[in-house]
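Take a look at the structure below.
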Amino acid sequence: MSTPDISSATSAATNSVDGAVKPSNFLRNAIEQDLARGTYSQRRWGGSPGDAAHHTAGIADPAAVRMRFPPEPNGYLHLGHAKSIWVNFSMAHNYGGACHLRFDDTNPEKEEQEYVDSIREMVNWLGYSTEYADVPGQPGTSQAHVYFASNYFDFMYRAAEYLVESGNAYVDEQSPEDMRANRGDFGTPGKDSPFRSRTPAENLARLREMRDGQLADGAAVLRAKIDMASPNINMRDPALYRIRRATHHNTGDKWCIYPMYTFAHPIEDALEQITHSFCTLEFEDQRPFYDWLLAKLCEGGMLQTPPPRQYEFARLNVTHVITSKRRLRQLVEEGHVDGWDDPRMPTIAGLRRRGFTPDAIKLFCERSGVSKSGGWIDYATLEGTLRDVLDPVAARALAVLEPVKLELTNWDSLFGAGHEEPCHAPVNPHDEAAGQREFTLGREIWIEAEDFMEVPAKGYRRLFPPHTGGDGQHKEGNKVRLKYGYVIQCTGVEKNADGSISKVLAEVIPDTKSGTPGADSVKVKGVIGWVGAHNATPAEFRLYERLFKVEHPGEADLADELNPNSLSTMQGYVEAGLAQALQAEGAEPKPLQFERLGYFVRDRQAPWAADKLVFNRACSLKDGWKP
């Protein structure tokens, strides 16, 4: 086993970060009770697992608490994993401890290096380091802070042999059907296997035949010998090892038997000296086996005492979201989405590509709370958290998603042909230090199609031409302000042969430019966005909505539950100069606010082209979603 250290451990536990006191919960209470009692204060870090010297070798463990995030590398991390990452890493940090990133890679048929790489990338992107600055006792050295269950396969197998030799495990050769039938159910106790009475020597010989590839896949399993009549079905002689000839991403073809997750996980926790093993409530019924196994191995001197303890908290449930890896893989493989990082997916990679930031995801996890009771959080809360995070920091820009051309017919007479009027606006209205952005207004501009209505509806405050109202009276064309520009008045509209609008006509009201003394001389009730037609940059806008139209997807066929309007694509324009600003921001696109339209981010997967940008909408400025 490697000997990792933490990057910044403190000797005194604290329940605050940057002076902010964190709300208490039952997980914090468990940690604080152990710290007060000194439960793990005598641990030593180092030595070789399984050796007698392991109890005394090494140096004192500098971590007040030691936790872990243990994903299985059989898919991409999703929003539920983000909650677990936040719980484990943030609490370890709060109490001056360490948190391990560990891959529970015990099922080679479903695991791939792609998933390992993506998991590590997402943990780092969320802001949790997987590198240690120093190794205990070796100043100036460093090592990767990543662990694998497969690194412990040799020890796990020795532990299996110990359980067999001590009479706590046996090789069962029932068929899967007989084993399932003899397990019983919640109202019926199980039946002992006919192989349960084998001697330890017979079981050990058979286990070694399993290891050496002398038995076929499925011909036998190693089982713990506990209690086939236990009311907890998980304690009815659970399987420890199965035969599975499959190439492992980390160990290759060294093994043809692999440990079960429930056997491997507590051993991994113990070898890494985890103090508090946090997991979600579906593992609550597995805790008795977790404790049983560690107690047996501690009795045999194979593990240090006191062993880790498992604690369960409620998983994160968000409406209109699926977090089953099997179902997420189905969405990808059946082509309902464009890969694991499709911006509609609840994967962390998908959320990142859509425009969510690490701060927004972590704040959402914090707001969801930590408790023993489950419940559902509305998807609107997720988007609301993103708005709260982005509003004070996101740069602003003007964009037009569904463009209609507007001509300012008196432009040349006021300013001269070809004149471009300088305009400016804050990069971020909440941050004066961010400075101003510059763009120009000309004779022709693009406006949003929804900002013009030939026959205005009641209460419509944007552009409309002169017309006869419902009362038979002549109505003048409406006046609006071009944001950061002049007040204009609509004078007419030109149409194509098919009746579609080709151009809106308007006149500038002189001396009304924003920021000048005459800006308030003409009162208007509408303000519209625009970009100059003479220098606007073409852009594609991908507007995303909730992937599922039902609150709790997964209860029917996925194809029937999908929202057909989860993606729409529009071709429009953004203000001049934005392409250059985005090119200078680096490899990680930063979300920005297109004023009046929502929060967007440059698509990280689209090839860079300064003359055709691609943006994903992270969320609108307010929640207006309807199924």
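Quick look at the numbers
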| quantity | calculated |
| --- | --- |
| Residues of the stretch 243-257 classified as touching a Gly at 6+ places or on another chain (Cβ under 8 Å) and either among the hydrophobic types (A, V, I, L, M, F, W, C) or crowded, with 16+ Cβ neighbours inside 10 Å (or both), total | 2 |
| Odd one out for Tyr544 among (1) of a type in the set (Ser, Thr, Tyr); (2) under 31 Å from the mean Cα position of the chain (by Cα); (3) modelled with pLDDT under 95 | (3) |
| Extreme residue, farthest from Met453 (Cα to Cα), among residues of the stretch 479-519 that are assigned to a loop (DSSP other than H, G, I, E, B) and within 44 Å of the chain's Cα centre (by Cα) | Gly515 |
| Residue, surrounded by the fewest Cβ atoms within 10 Å (Cβ to Cβ), within the stretch 180-208, restricted to residues that are without any contact (Cβ under 8 Å) to a residue 24 or more places away in the chain and either β-branched (Val, Ile, Thr) or touching a strand residue (DSSP E or B) at 6+ places or on another chain (Cβ under 7 Å) (or both) | Thr188 |
| Failed item in (1) open to solvent by less than 30 Å² (accessible area, probe 1.4 Å); (2) within 14 Å of the chain's Cα centre (by Cα), with Asn317 passing the rest | (1) |
| Any hit, the stretch 595-608, residues being in contact with a Ser or Thr (Cβ under 7 Å, 6 or more places away or on another chain) and touching a residue at least 60 places away in the same chain (Cβ under 8 Å) | no |
| Hits in the stretch 344-396 (condition: over 16 Å from the mean Cα position of the chain (by Cα) and within 26 Å of Tyr311 (Cβ to Cβ)) | Gly369, Val370, Ser371, Lys372, Ser373, Gly374, Gly375, Trp376 |
| Enumeration of residues in the stretch 335-389 that are open to solvent by 20 Å² or more (accessible area, probe 1.4 Å), charged (D, E, K, R) and free of Cβ contacts under 8 Å to residues at least 24 places away in the same chain | Asp338, Arg367 |
| So Ala449, is it under 18 Å from Gly515 (Cβ atoms), under 41 Å from the mean Cα position of the chain (by Cα), surrounded by 14 or more Cβ atoms within 10 Å (Cβ to Cβ) and among the aliphatic types (A, V, I, L, M) | no |
| The stretch 547-561, subset open to solvent by 30 Å² or more (accessible area, probe 1.4 Å) and of a type in the set (A, V, I, L, M, F, W, C), residue farthest from Asn616 (Cα to Cα) | Ala556 |
| Selection status of Val550, over 33 Å from the mean Cα position of the chain (by Cα), β-branched (Val, Ile, Thr) and in a loop (DSSP other than H, G, I, E, B) | no |
| Residue, most open to solvent (accessible area, probe 1.4 Å), within the stretch 275-306, restricted to residues that are touching a residue at least 40 places away in the same chain (Cβ under 8 Å) and part of a loop (DSSP other than H, G, I, E, B) | Pro306 |
| His534, sole failed condition from (1) more than 29 Å from Leu331 (Cα to Cα); (2) assigned to a loop (DSSP other than H, G, I, E, B); (3) within 23 Å of the chain's Cα centre (by Cα); (4) touching a residue at least 60 places away in the same chain (Cβ under 8 Å) | (3) |
| Selection from the stretch 175-190 of residues that are assigned to a loop (DSSP other than H, G, I, E, B) and either aromatic (Phe, Trp, Tyr) or farther than 18 Å from Met235 by Cα (or both) | Ser175, Phe186 |
| Filter result for Val480 (among the β-branched types (Val, Ile, Thr) and touching a Lys or Arg at 6+ places or on another chain (Cβ under 9 Å)) | yes |
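The values are calculated or read from the model by the stated rules, or taken from the named source; none is laboratory data. Keep in mind that what you see is a predicted model, and the values were worked out from it rather than measured. With ideal geometry, Cβ positions are generated from the backbone for all residues, glycine too; neighbour counts draw on all protein chains shown. Just so you know, the surface numbers come from the protein's heavy atoms only, side chains and all, with ligands and any DNA or RNA stripped out. Shrake-Rupley method; radii C 1.70, N 1.55, O 1.52, S 1.80 Å.
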